[in-house]
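Quick one: this structure, given as structure tokens, is what I'll be asking you about.
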Amino acid sequence: MNRIAARSMELLRILERAGFESVLVGGAVRDLLLGRASEDADIATEASFSDLAALFPCGKIVGPPGKAVFLVPGEGGRREISSFDGGSLEADLARRDFTVNALALRSTGELVGTRRSRRDIGLRILRFNGRSADRLVEDPLRALRLARFASTLPGFSVHRSASSGVRSAAPSLERCAPERVGREMRLGLAGDPCVFVRSLAACGLLHMLRSLRGANRGGLLRPLLSLRRLDGGDAPLLRRTALLASCDRDGAYPDPDGEADVLRVLNEWRWPGALCSETALLVRLRGAPAARLTLQEMASLLLERGCAFWDSLFALGDAVSSDPAVGRRITANRERFAMLAVRLENEKECVPSGDELMERFSLSSGPEVGILMYELRMEHLLRGFSTKEEALEHGAELRKRL
Ligand code: ATP
Ligand code: MG
């Protein structure tokens, strides 16, 4: 049993000892049956929120009335307790989205749920827990969750009845809070992005990517091919998202409009701030690997953003480009970049530290040291000092000019 499930069992036993029927439920049970680790675990109990508050003083109620849950912090992940106070476990399971998410596990090891739920886990099939049309009217987000689970649960496929159900219901996801949409988009893209995009297409939900892909949006082939070229399955989410946002845009460099577009969408989805801004910046500068850059421009971007940023830019450039001439420019720029990266790597031996600069030039800390330091780092990238002494001599020259 994975750690988070084991810790949840402790909570179950506390609840049961207090006399409340309680089960582990939803994704954690599904993952346990699949032998996967879970990020978090959900517990359902007949205890009311005030019972829960009395039993777990460190927990708190979150969410709007009617959808509130009780959160218990804990090592290795949070546990979420929902209350079916006044209802039944069967009713709690029936309101869950997919058959594979509608199973419960008692602390005795007894599994509760329909035969279809168990069979669908075995067959790795995703289908709605009930009539798709009804379930989608209750909550259109379930349409997007279908594609998200297809992408994150390995080996699972969407049952035809489910994708055709979504297509004919054409659920309006605008009704859903943007952060709920954003969470599913984030998880879907972080899984197998090709499966996610294909599942969105099969469900008639490709428009969910529309705002990200920009105005020149073409067919699916290009983004899918590019995504496959981008990673062997392990490209970070930021690269995948930047790629989807890049492959239908033209080669403008830099592209502040693309950046603003993408930033707006990701902020609307309430993705973490740094992820939004980094992704949007990649979109802005995506043309850099194929652009006619001076070495100086390349070096200053390297100093500002670091190697990992350039690695992402080159990965995007390779994945998107199909034109051999563009490919040759990327190769040439990569060679120039490799030289800069080697110098950046050995700058500790060849560029004096701030303290060393202050000592040599009798400076106290302040902007002058920062400027001098930046100039020397830049000079090292462009020309390459072989010793710190050489850099300090150059620093003395610079100080006369600055
Ligand atoms: P993951 O491991 O990716 O978190 P999960 O199945 O735990 O997957 P959550 O979004 O954390 O997914 O939801 C927890 C459980 O709550 C689900 O397994 C499902 O039973 C239920 N659930 C969540 N969202 C919905 C919804 N929109 N409609 C119905 N049931 C839902
Ligand atoms: Mg979960």
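In this structure, is Arg249 buried (at least 21 other Cβ atoms within 10 Å of the Cβ), on the phi < 0 side of the Ramachandran plot and over 20 Å from the mean Cα position of the chain (by Cα)? If you could, list the steps in order and put the result at the bottom.
Details: buried (at least 21 other Cβ atoms within 10 Å of the Cβ): yes; on the phi < 0 side of the Ramachandran plot: yes; over 20 Å from the mean Cα position of the chain (by Cα): yes.
It is true that Arg249 is buried (at least 21 other Cβ atoms within 10 Å of the Cβ), on the phi < 0 side of the Ramachandran plot and over 20 Å from the mean Cα position of the chain (by Cα).
A further question follows. Regarding segment 47-54, can at least one residue be identified that is within 12 Å of ligand 1 (Cβ to nearest atom), within 20 Å of Val112 (Cβ to Cβ) and of a type in the set (Gly, Ala, Ser)?
No, the conditions are met nowhere in segment 47-54.
Let me ask you something else. Are there any helices (runs of 4 or more DSSP H) wholly within segment 2-64 with 2 or more residues that are surrounded by 17 or more Cβ atoms within 10 Å (Cβ to Cβ) and in contact with a Leu (Cβ under 7 Å, 6 or more places away or on another chain), and if so which?
In segment 2-64, the matching helices (runs of 4 or more DSSP H) lie at 3-17, 27-34.
Hey, another quick one. Do any helices (runs of 4 or more DSSP H) lying entirely in segment 138-240 carry at least 1 residues that are open to solvent by less than 30 Å² (accessible area, probe 1.4 Å), more than 17 Å from Val262 (Cβ to Cβ) and within 16 Å of ligand 1 (Cβ to nearest atom), and which ones are they?
141-152, 160-169, 178-190, 193-202
Does segment 185-199 include one or more residues that are over 23 Å from Asp134 (Cβ atoms) and touching a residue at least 60 places away in the same chain (Cβ under 8 Å)?
Yes - at least one qualifying residue is present in segment 185-199.
I'm trying to understand the selection: among the residues of segment 244-258, which are of a type outside the set (Gly, Ala, Ser), over 14 Å from Ala288 (Cα atoms) and not in a loop (DSSP other than H, G, I, E, B)?
Leu244, Asp257
Against the condition acidic (Asp, Glu) and within 14 Å of ligand 1 (Cβ to nearest atom), how does Glu75 come out, does it pass?
Considered against the rule, which asks whether it is acidic (Asp, Glu) and within 14 Å of ligand 1 (Cβ to nearest atom), Glu75 comes out as no.
On to the next question. Mind listing whichever residues of segment 35-75 are within 14 Å of ligand 2 (Cβ to nearest atom), closer than 14 Å to Ala5 by Cα and over 23 Å from the mean Cα position of the chain (by Cα)?
The answer is Ile43, Ala44.
Just one of Arg96, Arg124, Arg78, Arg115 is within 15 Å of ligand 2 (Cβ to nearest atom), open to solvent by 70 Å² or more (accessible area, probe 1.4 Å) and not polar (S, T, N, Q); which is it?
The match here is Arg78.
Find the residue count for segment 318-327, including only residues that are part of a helix (DSSP H, G or I) and open to solvent by 10 Å² or more (accessible area, probe 1.4 Å).
Matching residues across segment 318-327 total 6.
The values are calculated or read from the model by the stated rules, or taken from the named source; none is laboratory data. Keep in mind that what you see is a predicted model, and the values were worked out from it rather than measured. Cβ coordinates were reconstructed from backbone atoms using ideal geometry, including for glycine residues, and neighbour counts include every protein chain displayed. The protein model used for the area step is the full one, side chains on, heavy atoms only, and it has no ligands, DNA or RNA in it. Shrake-Rupley method; radii C 1.70, N 1.55, O 1.52, S 1.80 Å.
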